[in-house]
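Step one of this worksheet: look at the structure below.
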Amino acid sequence: MIASHYAAPVPRTLCRDTIMFVDADEKSDAMAKLVAGDCFELLDSRGGWAWGYGGKNRLVGYIDASALS
C-alpha cells in the first residue's frame, strides 16, 4: 500500500474566531464557526488557506491560514 497521499495532522491553535468553508474560497458555503483557542488539525496549507479539521464535530474544511497561531 502506498500512502504518499496521507498526511499526519499537525495540531495548531486558532488565534482568533474564524469560519470554516467547504472550499478555499470565502464565497463557498460556510460549514462552521471555529472559536479562538480551539485546536485545528492542519493537513495542508497553501495560497493563504489551511485545510484540515477542527471544531467540536471535527469537520473537514478550509480556514484562513492567518487564523492559526
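The values are calculated or read from the model by the stated rules, or taken from the named source; none is laboratory data. If you're wondering where the values come from, they're calculated on a predicted model, not measured in any experiment. Backbone-built Cβ (ideal geometry, glycine too); neighbour counts: all protein chains shown. We work out accessible area using only protein heavy atoms, side chains counted, and drop any ligands, DNA or RNA first. Shrake-Rupley method; radii C 1.70, N 1.55, O 1.52, S 1.80 Å.
So what is the relative contact order of the chain, in percent, for Cα pairs below 8 Å that sit 6 or more residues apart? The partial results should precede the final answer.
Numbers: 146 pairs, mean separation 23.3, N = 69.
This gives 34 percent for the chain.
Considering only protein heavy atoms and a 1.4 Å probe, what is the carbon-and-sulfur percentage of the accessible area of the chain?
Details: 2450 of 4620 Å².
Here carbon and sulfur together make up 53 percent of the probe-accessible area.
What spacing in nm lies between the two simple spin-label points modelled at residue 57 and residue 15, each 7 Å away from Cα in the Cβ direction?
Spacing of the two 7 Å Cα→Cβ label points: 2.8 nm.
Between residue 66 and residue 44, what is the label-point separation in nm under the 7 Å Cα-to-beta-carbon projection?
Roughly 2.3 nm, to one decimal.
Can you give the net charge of the other residues whose Cβ lies under 12 Å from the Cβ of residue 64, counting K and R as +1 and D and E as -1? Could you put the intermediate results ahead of the total?
Working: positive: 16; negative: 17, 25, 26.
Counting the neighbours of residue 64, the net charge comes to -2.
For the chain, report the accessible area per residue in Å² (1.4 Å probe, heavy atoms, rounded to an integer).
Details: 4620 Å² over 69 residues.
Accessible surface, normalised per residue, equals 67 Å².
Here are some values of semi-axes √(5λ) of the Cα gyration tensor in Å: [x] 31, 13, 8; [y] 22, 16, 14; [z] 19, 14, 11. Which one was computed from this structure?
[z]
Using 0.36 nm per residue, how much length does the chain from residue 36 to residue 8 gain when fully extended, once their Cα-Cα distance is taken away? Show your work: numbers first, answer last.
On the way: separation 28, 0.36 × 28 = 10.08 nm, distance 2.27 nm.
Value of the extension gain: 7.8 nm.
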